[in-house]
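Taking it in order: structure first as structure tokens, then the write-up.
The values are calculated or read from the model by the stated rules, or taken from the named source; none is laboratory data. What you are looking at is a predicted structure, and each value in this text was computed from that prediction instead of being measured. Note that we place each Cβ from the backbone using ideal geometry, even for glycine, and neighbour counts take in every protein chain shown. Side chains included, ligands, DNA and RNA excluded: accessible areas come from the protein's heavy atoms. Shrake-Rupley method; radii C 1.70, N 1.55, O 1.52, S 1.80 Å.
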Amino acid sequence: MKAHSESQASPAHRTKRLWGLAAKAILSLLLLFFVFRKFNIDAVLMQVRGARVSWLVGATVIFLLNTAFLALRWSTLSLGFLKFGKALEYTWIGLFFGAVIPGGISGDIGKGVSLALHDKSFRTRLLPASIFFDKLVGLAVLAVFFVLSVAITLATKHSLTTALNRALVLALIFVSVATAAAILIVLFLRTRAWASIVERLTNTRWARFVNAVSLLPQLYANRTWELGKATILSAAGHVNNMVAYWLILKAMGLEANFPFALILYSVLSVATMMPVSISGVGVRDVVSAGLFPVFGFSSEAGVAFSWVVLAINIPMVAIGGCVQGYELFSRKRRENASPCEEDSPPPPNIPFFQPKRTVLHVLDNLAAGGCQTCLRSLARYPLKARRHLYVSLRKQRDQIDLHSSDATVFAGKSRYSPLPAISLLRMSRAAEPTILHCYLFKAQVCGLFVRWMRPSTRLIFHEGGRISMSEHEPWWEPLIYKAFLRFAAKWVDLFIANSKHTLERLQRIPSIGRRPGIVVYNSILDEVRATSPKEQERARSVLSLPNDAFIFGFAGRIVERKGWRDFLECAEHFRTDAGIFWIMAGDGPEEAHLLRICANKHMTNLRPLGFQQDMRTFYQSLNACIIPSHWEPHGLVQLEAQSFGLPVIAADVPGMNETLAGETNALLFAPQDTPALIRRVESILRSPELLESLSRASLSNAKHFTLEKYHDSLESCYTKLDGPPGVSRSATSQ
């Protein structure tokens, strides 16, 4: 239906394009007619013939050099996707299309389409993203030059007519406001409001465009070096063109200074960029003819300058045409040589690959647990080598938001309903994932059902620690869970565990112990940076916490195994010290009991915060973090806290102690040993030097658990499963 509707609409689109082309051609002809009627063409031709060839050759060479600046900028913003040679080749092609096809962005579209047709490995959404950002950076720097040139004109030319003065002021205001609006839009694309808009538009015709735009700020958000380098290259390219304009003015015998070249280049660039004529023909002539008299030159000199610029562009367009011809020839030769050739494998760590290799992550719910938090971070990570989709089989009262248009939450809330299995099967048929990555019990049951119905799908069970011990569920659930794993093992292609301790427990089941298993630590950190005093002050203001107190924090489910009672006893021990404050983030089955204890004991130095959607503010408000868990399959809080440079006091339990080193980057104590916990707290309070050394060690340790390493570990697992279904190749722990 979709393909049919698009084919039906294509004649209308072609008609619109033809009408647009005709309108631009007519406008160019009308402007040329105006030039020939209004100005002395003999004087224009005499000015052109009198130009010094040596100076024009120099200007041409400089214009050619600018192509290298453009290619290097594009290569930089492609984040390694395009090498300089390939970027230079298709920049020439873009110059060719920009000259022969009318439109403001025809050159950019032309080079992108040509590149995608030439080599299928470049057919990713990073290609239009890099072209778009390349154009955006160039426009931003040009806007700065334009504002500067208009300001210089207004400041130095007091003989301007009233109409021209108003026009320049309006242009200055318009460009400044447009630039500010663009900055605000980019900032808005990173807000939750935009994420909700993306979610509402997921099933509309604009979904792909909206999703692509929402990912652009994430792609370049932390690329300070690339953006800075691209900005410098853009400024260098613009200055390079201004020098070429100045040489052309000199060649024509016009005693113009460099500020005039700045003004002339900025105004002409903005004017010819508007898609109202064919390649700026006519527009450049009229604007030059109107601008030159303002600075004491004749209008005929302005028209002559425009024609000289057009003449110099002809050999550049010819070079681009030759490159495009060679590209077409090589493409045809390649197709004839290997008509059945498969797509070239894409380079590693390039985002937005075509959806042929799709991973469908399936969870029971989106409660604030370890695997859910990992997937929320993974959804934000731009450099994914595959397409990732996320499914929650049921809704939950307090659940985290993945902030991704690729996330789906089924409507039901029942934990035992079989209906999500049918919905998951329908979704897998539509998305055609090559890998089904299942977390938690219900997700694994539904994933096994889909594997039976679609045997070509590879199945991964990700063990997050449920195999270790029971928590607050009925006594019979762990027994059923282990029996299910023993039964399902023959259909599971790969088992992933979040720690060596978890993998060891998992492989005690005979049918699983004979299968390959891989350890992938929950490395969810996308930023490792100590909290500044201003950030801490702001966070405490948001949470209404005392700004001058030393604050210890606890984060986790309010269940027995998380050791919340040990944290409470420690806080009670220090209740007489007004300079110490204690906060707890999280909810759970025992939250009501926690609140009753706090009320009965009048613990004014402790505040339960409940479920926190924004954990960043919580961690930024702390001075130290305490993790008194009785047992942990892996744990995330210790890594999250260390990524903010917080000293960590943690229970020495298997799983969690695989990511911490006692007395080196954390203070460990025996689980359920509250006096030992109190001694650790006292040692931090007594020694500022220890506090500082632990903070530095925390940051150093957190850098070993970055989001990039988590993605690469998962990608290594998926690579082992690429190929026909069956038993995966041998795997080793990572």
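Numerical summary
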item: Label-point separation in nm, ALA661 to MET453, each point 7 Å along Cα→Cβ; result: 4.9
item: Accessible heavy-atom area order of GLU527, GLU537, highest first, probe of 1.4 Å; result: GLU537, GLU527
item: Theoretical gain in end-to-end length, LEU117 to GLU477 [0.36 nm per residue, Cα-Cα removed]; result: 124.1 nm
item: FRET efficiency, ASN257 to TYR326 (Cβ-Cβ, R0 35 Å, nearest 0.05); result: 0.25
item: Three-way shape label, segment 375-461, alpha-carbon gyration tensor, a/c 1.5; result: oblate
item: Most to least packed among 689-695, 364-370 [average Cβ atoms within 10 Å]; result: 364-370, 689-695
item: Reachable aspartates and glutamates, given that their alpha-carbon falls under 17 Å from the alpha-carbon of LYS534 and they are not under 8 places away in the same chain; result: ASP548
item: For segment 516-530, Karplus couplings with θ = phi - 60° (6.51, -1.76, 1.60), whole Hz, Gly/Pro x; result: x, x, 10, 9, 10, 5, 6, 8, 10, 8, 9, 8, 10, 7, 5
item: Net length gained if the chain between ARG575 and GLU689 were fully extended (0.36 nm per residue, minus Cα distance); result: 38.6 nm
item: Table column - 3J(HN,Hα) (Hz), segment 87-96, Karplus curve with 6.51, -1.76, 1.60, x for Gly and Pro; result: 5, 5, 4, 7, 5, 4, 5, x, 5, 5
item: Translational diffusion coefficient (Stokes-Einstein; Kirkwood radius from C-alpha pairs) of segment 396-438 at 25 °C, 0.890 mPa s, in µm²/s; result: 201
item: Exceeding the 19 Å Cα-Cα cut-off - candidates LYS395/LYS442; LYS413/LYS482; LYS83/LYS229; LYS384/LYS709; LYS83/LYS720; result: LYS413/LYS482; LYS83/LYS720
item: Rounded accessible area of THR373 (nearest 10 Å², 1.4 Å probe); result: 20
item: Table column - 3J(HN,Hα) (Hz), segment 498-514, Karplus curve with 6.51, -1.76, 1.60, x for Gly and Pro; result: 8, 6, 5, 4, 5, 4, 4, 5, 5, 7, 6, 6, x, 5, 8, x, 8
item: ILE551 long-range amide H proximity, modeled H, under 5 Å; result: PHE581, ASN623, ALA624
